[in-house]
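Peer 1: Please find one structure pasted underneath; my questions will follow.
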Amino acid sequence: MDTLGIIGAVAMIMSGLTISIGSIAPALAEGRAVAQALSAIAQQPDEANTISRTLFVGLAMIESVAIYCFVVSLILIFANPFWNIAVSKMGG
Amino acid sequence: MRLSPDEIIFWHWGPVTLNATIFFTWLVMGVLVLGSWLATRRMTGDFHPTRWQNLLEALVTLMRDQIRDISRQEPGRYLPFVGSLFLFIAASNLLIIIPGYEPPTGSLSTTVALAACVLLSVPFYGVARNGLRGYVKHYIEPSFIMLPFHIIGEFTRTVSLAVRLYGNIMSGSVIIAILLSIAPLFFPIIMQVLGLLVGLIQAYIFAVLAMVYIASAATAHAEKEQAGQQPGKGES
(Lines give C-alpha, C1' and ligand atoms only; values in the text may rest on other atoms or scores of the structure.)
Protein backbone atom coordinates (compact mmCIF):
# COMPACT_ATOMS: atom_id res chain seq x y z
CA MET A 1 0.00 0.00 0.00
CA ASP A 2 1.40 3.41 -0.89
CA THR A 3 1.67 6.37 1.48
CA LEU A 4 -1.60 8.02 0.47
CA GLY A 5 -3.50 4.77 0.93
CA ILE A 6 -2.03 4.22 4.39
CA ILE A 7 -2.80 7.78 5.48
CA GLY A 8 -6.35 7.57 4.17
CA ALA A 9 -7.05 4.18 5.71
CA VAL A 10 -5.63 5.14 9.11
CA ALA A 11 -7.57 8.42 9.09
CA MET A 12 -10.85 6.64 8.27
CA ILE A 13 -10.36 3.90 10.89
CA MET A 14 -9.29 6.33 13.57
CA SER A 15 -12.16 8.76 12.91
CA GLY A 16 -14.65 5.91 13.25
CA LEU A 17 -12.98 4.71 16.45
CA THR A 18 -12.85 8.25 17.82
CA ILE A 19 -16.54 8.95 17.46
CA SER A 20 -17.65 5.46 18.49
CA ILE A 21 -15.54 5.14 21.64
CA GLY A 22 -15.95 8.81 22.43
CA SER A 23 -19.73 8.66 22.37
CA ILE A 24 -20.12 5.66 24.68
CA ALA A 25 -19.15 7.42 27.90
CA PRO A 26 -21.19 10.59 27.31
CA ALA A 27 -24.21 8.44 26.39
CA LEU A 28 -23.99 6.49 29.64
CA ALA A 29 -23.43 9.69 31.61
CA GLU A 30 -26.36 11.49 29.99
CA GLY A 31 -28.67 8.57 30.64
CA ARG A 32 -27.64 8.53 34.27
CA ALA A 33 -28.06 12.30 34.61
CA VAL A 34 -31.54 12.26 33.04
CA ALA A 35 -32.63 9.32 35.21
CA GLN A 36 -31.46 11.04 38.38
CA ALA A 37 -33.12 14.30 37.36
CA LEU A 38 -36.41 12.53 36.61
CA SER A 39 -36.45 10.84 39.98
CA ALA A 40 -35.61 14.16 41.63
CA ILE A 41 -38.51 15.83 39.80
CA ALA A 42 -40.81 12.96 40.82
CA GLN A 43 -39.85 13.50 44.45
CA GLN A 44 -40.02 17.30 44.36
CA PRO A 45 -42.27 18.53 41.54
CA ASP A 46 -42.10 22.09 42.88
CA GLU A 47 -38.40 22.31 42.08
CA ALA A 48 -38.89 21.16 38.46
CA ASN A 49 -37.73 24.50 37.03
CA THR A 50 -34.45 24.58 38.88
CA ILE A 51 -33.78 20.91 38.29
CA SER A 52 -34.44 21.04 34.58
CA ARG A 53 -32.34 24.17 34.14
CA THR A 54 -29.41 22.57 35.93
CA LEU A 55 -30.04 19.39 33.95
CA PHE A 56 -29.79 21.23 30.64
CA VAL A 57 -26.55 22.92 31.59
CA GLY A 58 -25.09 19.65 32.87
CA LEU A 59 -26.21 17.76 29.78
CA ALA A 60 -24.54 20.34 27.57
CA MET A 61 -21.30 20.02 29.50
CA ILE A 62 -21.41 16.21 29.25
CA GLU A 63 -22.36 16.35 25.61
CA SER A 64 -19.45 18.63 24.79
CA VAL A 65 -17.13 15.64 25.29
CA ALA A 66 -18.91 13.85 22.48
CA ILE A 67 -18.81 17.05 20.43
CA TYR A 68 -15.02 17.26 20.86
CA CYS A 69 -14.72 13.70 19.53
CA PHE A 70 -17.00 14.61 16.63
CA VAL A 71 -14.89 17.64 15.76
CA VAL A 72 -11.70 15.56 15.90
CA SER A 73 -13.16 12.88 13.63
CA LEU A 74 -14.43 15.51 11.17
CA ILE A 75 -10.97 17.07 11.09
CA LEU A 76 -9.48 13.63 10.45
CA ILE A 77 -11.83 13.06 7.52
CA PHE A 78 -12.23 16.45 5.86
CA ALA A 79 -9.27 18.56 6.99
CA ASN A 80 -6.51 16.03 7.54
CA PRO A 81 -3.21 17.95 7.61
CA PHE A 82 -1.06 14.91 6.73
CA TRP A 83 -3.19 14.17 3.69
CA ASN A 84 -2.59 17.66 2.26
CA ILE A 85 1.17 17.38 2.91
CA ALA A 86 1.33 13.97 1.24
CA VAL A 87 -0.69 15.15 -1.77
CA SER A 88 1.50 18.22 -2.24
CA LYS A 89 4.69 16.12 -1.87
CA MET A 90 3.44 13.67 -4.52
CA GLY A 91 2.19 16.37 -6.84
CA GLY A 92 5.27 18.55 -6.69
CA MET B 1 -17.27 19.70 2.22
CA ARG B 2 -17.15 23.06 4.02
CA LEU B 3 -16.44 23.02 7.73
CA SER B 4 -16.98 26.73 8.31
CA PRO B 5 -18.53 29.69 6.50
CA ASP B 6 -15.09 31.34 6.54
CA GLU B 7 -14.42 29.61 3.24
CA ILE B 8 -17.23 31.33 1.35
CA ILE B 9 -15.74 34.57 0.08
CA PHE B 10 -18.14 37.13 -1.32
CA TRP B 11 -15.78 39.89 -2.28
CA HIS B 12 -12.15 40.68 -1.92
CA TRP B 13 -10.00 43.60 -2.81
CA GLY B 14 -6.29 43.52 -2.03
CA PRO B 15 -5.77 42.39 1.57
CA VAL B 16 -9.44 42.97 2.45
CA THR B 17 -11.68 39.93 2.13
CA LEU B 18 -15.35 39.81 2.97
CA ASN B 19 -16.29 36.24 3.85
CA ALA B 20 -19.66 34.86 4.85
CA THR B 21 -18.85 34.92 8.57
CA ILE B 22 -18.18 38.65 8.67
CA PHE B 23 -21.11 39.43 6.41
CA PHE B 24 -23.66 37.42 8.40
CA THR B 25 -22.26 38.63 11.74
CA TRP B 26 -22.87 42.21 10.67
CA LEU B 27 -26.26 41.20 9.30
CA VAL B 28 -27.29 39.73 12.66
CA MET B 29 -25.97 42.76 14.54
CA GLY B 30 -27.85 45.04 12.15
CA VAL B 31 -31.06 43.06 12.58
CA LEU B 32 -30.74 43.22 16.37
CA VAL B 33 -29.93 46.93 16.53
CA LEU B 34 -32.50 47.95 13.94
CA GLY B 35 -35.18 45.74 15.47
CA SER B 36 -34.68 47.05 18.98
CA TRP B 37 -34.53 50.63 17.71
CA LEU B 38 -37.78 50.20 15.79
CA ALA B 39 -39.42 48.51 18.76
CA THR B 40 -38.45 51.15 21.31
CA ARG B 41 -38.86 54.18 19.07
CA ARG B 42 -42.27 55.04 20.43
CA MET B 43 -41.82 53.73 23.93
CA THR B 44 -44.69 54.42 26.29
CA GLY B 45 -44.95 54.09 30.03
CA ASP B 46 -48.71 53.53 30.21
CA PHE B 47 -50.54 50.25 30.22
CA HIS B 48 -50.86 49.92 26.45
CA PRO B 49 -47.37 49.24 25.07
CA THR B 50 -46.99 48.36 21.41
CA ARG B 51 -46.68 44.67 20.72
CA TRP B 52 -42.97 44.83 19.86
CA GLN B 53 -42.24 46.74 23.04
CA ASN B 54 -44.18 44.06 24.89
CA LEU B 55 -42.02 41.36 23.32
CA LEU B 56 -38.78 43.11 24.26
CA GLU B 57 -39.97 43.79 27.79
CA ALA B 58 -40.89 40.12 28.22
CA LEU B 59 -37.44 39.08 26.93
CA VAL B 60 -35.58 41.47 29.24
CA THR B 61 -37.69 40.43 32.23
CA LEU B 62 -37.02 36.77 31.47
CA MET B 63 -33.27 37.36 31.23
CA ARG B 64 -33.26 39.36 34.47
CA ASP B 65 -35.09 36.59 36.30
CA GLN B 66 -32.74 33.91 34.98
CA ILE B 67 -29.63 35.92 35.89
CA ARG B 68 -31.03 36.56 39.37
CA ASP B 69 -31.74 32.84 39.82
CA ILE B 70 -28.32 31.71 38.64
CA SER B 71 -26.04 34.27 40.24
CA ARG B 72 -28.19 35.06 43.31
CA GLN B 73 -27.28 38.71 42.87
CA GLU B 74 -29.00 41.74 41.43
CA PRO B 75 -28.97 41.30 37.62
CA GLY B 76 -28.52 44.96 36.71
CA ARG B 77 -24.78 44.97 36.13
CA TYR B 78 -24.62 41.61 34.35
CA LEU B 79 -27.62 42.06 32.07
CA PRO B 80 -25.93 44.10 29.30
CA PHE B 81 -23.11 41.63 28.70
CA VAL B 82 -24.82 38.27 29.27
CA GLY B 83 -28.04 39.42 27.64
CA SER B 84 -26.27 40.58 24.50
CA LEU B 85 -24.36 37.30 24.31
CA PHE B 86 -27.63 35.37 24.51
CA LEU B 87 -29.46 37.58 22.04
CA PHE B 88 -26.63 37.52 19.48
CA ILE B 89 -26.10 33.75 19.61
CA ALA B 90 -29.82 33.00 19.65
CA ALA B 91 -30.50 35.32 16.71
CA SER B 92 -27.61 33.97 14.67
CA ASN B 93 -28.69 30.38 15.34
CA LEU B 94 -32.40 30.91 14.75
CA LEU B 95 -32.01 32.78 11.45
CA ILE B 96 -31.12 29.46 9.75
CA ILE B 97 -34.79 29.24 8.78
CA ILE B 98 -33.91 31.78 6.06
CA PRO B 99 -32.57 29.94 2.99
CA GLY B 100 -29.02 30.81 2.02
CA TYR B 101 -28.12 31.97 5.50
CA GLU B 102 -25.00 30.51 7.11
CA PRO B 103 -24.89 30.85 10.90
CA PRO B 104 -21.77 32.83 11.89
CA THR B 105 -21.58 30.79 15.10
CA GLY B 106 -20.71 27.80 12.90
CA SER B 107 -17.28 29.35 12.42
CA LEU B 108 -14.56 28.77 15.00
CA SER B 109 -13.36 32.39 14.75
CA THR B 110 -16.72 33.79 15.91
CA THR B 111 -17.05 31.43 18.83
CA VAL B 112 -13.44 31.98 19.92
CA ALA B 113 -14.10 35.73 19.86
CA LEU B 114 -17.21 35.32 22.01
CA ALA B 115 -15.39 33.04 24.46
CA ALA B 116 -12.49 35.52 24.63
CA CYS B 117 -15.02 38.20 25.62
CA VAL B 118 -16.11 35.92 28.48
CA LEU B 119 -12.48 35.25 29.44
CA LEU B 120 -11.78 38.99 29.67
CA SER B 121 -15.03 39.88 31.40
CA VAL B 122 -14.44 37.47 34.30
CA PRO B 123 -11.53 39.48 35.79
CA PHE B 124 -13.31 42.71 34.83
CA TYR B 125 -16.40 41.90 36.90
CA GLY B 126 -14.30 40.25 39.61
CA VAL B 127 -12.10 43.30 40.06
CA ALA B 128 -15.09 45.63 39.92
CA ARG B 129 -16.77 43.66 42.65
CA ASN B 130 -13.95 42.61 44.99
CA GLY B 131 -11.13 44.99 44.15
CA LEU B 132 -7.82 43.93 42.63
CA ARG B 133 -6.51 42.31 45.83
CA GLY B 134 -9.67 40.37 46.43
CA TYR B 135 -9.77 39.09 42.87
CA VAL B 136 -6.12 38.02 42.71
CA LYS B 137 -6.46 36.44 46.12
CA HIS B 138 -8.98 33.88 44.87
CA TYR B 139 -6.31 32.39 42.61
CA ILE B 140 -4.32 31.21 45.64
CA GLU B 141 -7.45 30.44 47.61
CA PRO B 142 -6.91 27.10 49.36
CA SER B 143 -3.13 27.24 49.03
CA PHE B 144 -0.46 28.56 46.72
CA ILE B 145 -0.16 25.19 44.93
CA MET B 146 -3.53 25.75 43.27
CA LEU B 147 -2.34 28.78 41.29
CA PRO B 148 -1.40 26.93 38.05
CA PHE B 149 -4.61 24.90 38.16
CA HIS B 150 -6.73 28.03 38.44
CA ILE B 151 -4.91 29.58 35.48
CA ILE B 152 -5.21 26.41 33.39
CA GLY B 153 -8.89 26.22 34.31
CA GLU B 154 -9.50 29.74 33.02
CA PHE B 155 -8.15 28.83 29.59
CA THR B 156 -9.60 25.34 29.25
CA ARG B 157 -13.10 26.53 30.04
CA THR B 158 -12.72 29.27 27.44
CA VAL B 159 -11.65 26.69 24.85
CA SER B 160 -14.50 24.40 25.84
CA LEU B 161 -17.03 27.26 25.53
CA ALA B 162 -15.79 28.04 22.03
CA VAL B 163 -15.54 24.45 20.78
CA ARG B 164 -18.91 23.46 22.26
CA LEU B 165 -20.83 26.17 20.42
CA TYR B 166 -18.83 25.68 17.20
CA GLY B 167 -19.18 21.89 17.27
CA ASN B 168 -22.92 21.94 17.86
CA ILE B 169 -23.76 24.47 15.15
CA MET B 170 -21.23 23.13 12.65
CA SER B 171 -22.39 19.53 13.16
CA GLY B 172 -25.95 20.66 12.46
CA SER B 173 -25.04 22.16 9.11
CA VAL B 174 -22.74 19.26 8.19
CA ILE B 175 -25.45 16.71 8.96
CA ILE B 176 -27.95 18.65 6.86
CA ALA B 177 -25.45 18.80 3.99
CA ILE B 178 -24.80 15.04 4.21
CA LEU B 179 -28.53 14.27 4.37
CA LEU B 180 -29.17 16.48 1.34
CA SER B 181 -26.95 14.17 -0.70
CA ILE B 182 -28.49 10.96 0.72
CA ALA B 183 -32.20 11.64 1.30
CA PRO B 184 -32.98 15.11 -0.01
CA LEU B 185 -36.76 14.94 0.14
CA PHE B 186 -38.01 15.19 3.72
CA PHE B 187 -35.31 14.33 6.25
CA PRO B 188 -33.33 17.61 6.13
CA ILE B 189 -36.42 19.49 7.35
CA ILE B 190 -36.62 17.37 10.49
CA MET B 191 -32.93 17.87 11.16
CA GLN B 192 -33.36 21.60 10.60
CA VAL B 193 -36.15 21.74 13.19
CA LEU B 194 -33.82 19.89 15.56
CA GLY B 195 -31.13 22.43 14.65
CA LEU B 196 -33.42 25.30 15.75
CA LEU B 197 -33.92 23.62 19.13
CA VAL B 198 -30.20 22.90 19.54
CA GLY B 199 -29.32 26.46 18.54
CA LEU B 200 -31.61 27.99 21.17
CA ILE B 201 -30.41 25.60 23.88
CA GLN B 202 -26.77 26.29 23.02
CA ALA B 203 -27.37 30.05 23.18
CA TYR B 204 -28.96 29.59 26.60
CA ILE B 205 -26.12 27.37 27.79
CA PHE B 206 -23.45 29.77 26.57
CA ALA B 207 -25.09 32.63 28.45
CA VAL B 208 -25.64 30.52 31.58
CA LEU B 209 -22.04 29.30 31.65
CA ALA B 210 -20.73 32.84 31.11
CA MET B 211 -22.92 33.97 33.99
CA VAL B 212 -21.72 31.12 36.21
CA TYR B 213 -18.05 31.92 35.51
CA ILE B 214 -18.55 35.63 36.15
CA ALA B 215 -20.58 35.02 39.28
CA SER B 216 -18.05 32.58 40.69
CA ALA B 217 -15.31 35.21 40.39
CA ALA B 218 -17.55 37.97 41.70
CA THR B 219 -18.96 36.26 44.78
CA ALA B 220 -16.17 34.07 46.14
CA HIS B 221 -14.78 36.86 48.25
CA ALA B 222 -18.03 38.69 48.98
CA GLU B 223 -19.64 35.66 50.61
CA LYS B 224 -16.77 35.26 53.01
CA GLU B 225 -17.03 38.92 53.98
CA GLN B 226 -20.75 38.56 54.50
CA ALA B 227 -20.24 35.52 56.67
CA GLY B 228 -17.85 37.55 58.82
CA GLN B 229 -20.33 40.39 59.22
CA GLN B 230 -23.42 40.27 61.33
CA PRO B 231 -26.13 37.99 59.97
CA GLY B 232 -29.20 39.54 58.41
CA LYS B 233 -27.36 42.44 56.82
CA GLY B 234 -28.19 41.69 53.22
CA GLU B 235 -26.40 43.26 50.31
CA SER B 236 -28.43 44.64 47.45
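The values are calculated or read from the model by the stated rules, or taken from the named source; none is laboratory data. Just so it is clear, the model here is predicted, and its values are computed rather than measured. Note: ideal-geometry Cβ built from the backbone for every residue, glycine included; neighbour counts use all protein chains shown. To get the accessible areas, we keep the full protein, side chains included, count just its heavy atoms, and leave off ligands, DNA and RNA. Shrake-Rupley method; radii C 1.70, N 1.55, O 1.52, S 1.80 Å.
Peer 1: I need a count of the residues in the stretch B:141-173 that are touching a helix residue (DSSP H, G or I) at 6+ places or on another chain (Cβ under 7 Å) and open to solvent by less than 70 Å² (accessible area, probe 1.4 Å).
Peer 2: 19
Peer 1: Moving to a separate point now. Just to be sure I understand, how many residues within the stretch B:1-50 are assigned to a helix (DSSP H, G or I) and within 14 Å of another protein chain (Cβ to nearest Cβ)? Give the steps one after another, and end with the answer.
Peer 2: Residues of the stretch B:1-50 assigned to a helix (DSSP H, G or I): B:5-7, B:20-39.
Next cut, within 14 Å of another protein chain (Cβ to nearest Cβ) only: B:6-7.
Matching residues across the stretch B:1-50 total 2.
Peer 1: Also: Any chance the stretch A:54-73 includes a residue that's away from chain B (no Cβ under 14 Å), part of a helix (DSSP H, G or I) and surrounded by 17 or more Cβ atoms within 10 Å (Cβ to Cβ)?
Peer 2: Start the filter on the stretch A:54-73 by keeping residues that are away from chain B (no Cβ under 14 Å), which leaves none.
Scanning the stretch A:54-73, I find no residue that is away from chain B (no Cβ under 14 Å), part of a helix (DSSP H, G or I) and surrounded by 17 or more Cβ atoms within 10 Å (Cβ to Cβ), so the answer is no.
Peer 1: OK, next. Out of A:Ile41, A:Ile77, A:Ile21, A:Ile7, report the one residue that is part of a helix (DSSP H, G or I), over 24 Å from B:Leu108 (Cα atoms) and in contact (Cβ under 8 Å) with a residue 60 or more places away in the chain.
Peer 2: Values: A:Ile41 fails: in contact (Cβ under 8 Å) with a residue 60 or more places away in the chain; A:Ile77 fails: over 24 Å from B:Leu108 (Cα atoms); A:Ile21 fails: in contact (Cβ under 8 Å) with a residue 60 or more places away in the chain.
The conditions single out A:Ile7.
Peer 1: Which residues, counting only those in the stretch B:11-69, are within 30 Å of B:Ser109 (Cα to Cα), open to solvent by less than 80 Å² (accessible area, probe 1.4 Å) and more than 23 Å from the chain's Cα centre (by Cα)?
Peer 2: B:Gly14, B:Val16, B:Thr17, B:Leu18
Peer 1: Is it the case that B:Val118 is of a type outside the set (Asp, Glu) and exposed (fewer than 15 other Cβ atoms within 10 Å of the Cβ)? It would help to see each step written out before you state the result.
Peer 2: Details: of a type outside the set (Asp, Glu): yes; exposed (fewer than 15 other Cβ atoms within 10 Å of the Cβ): no.
Taking the combined requirement at face value, the residue does not satisfy it.
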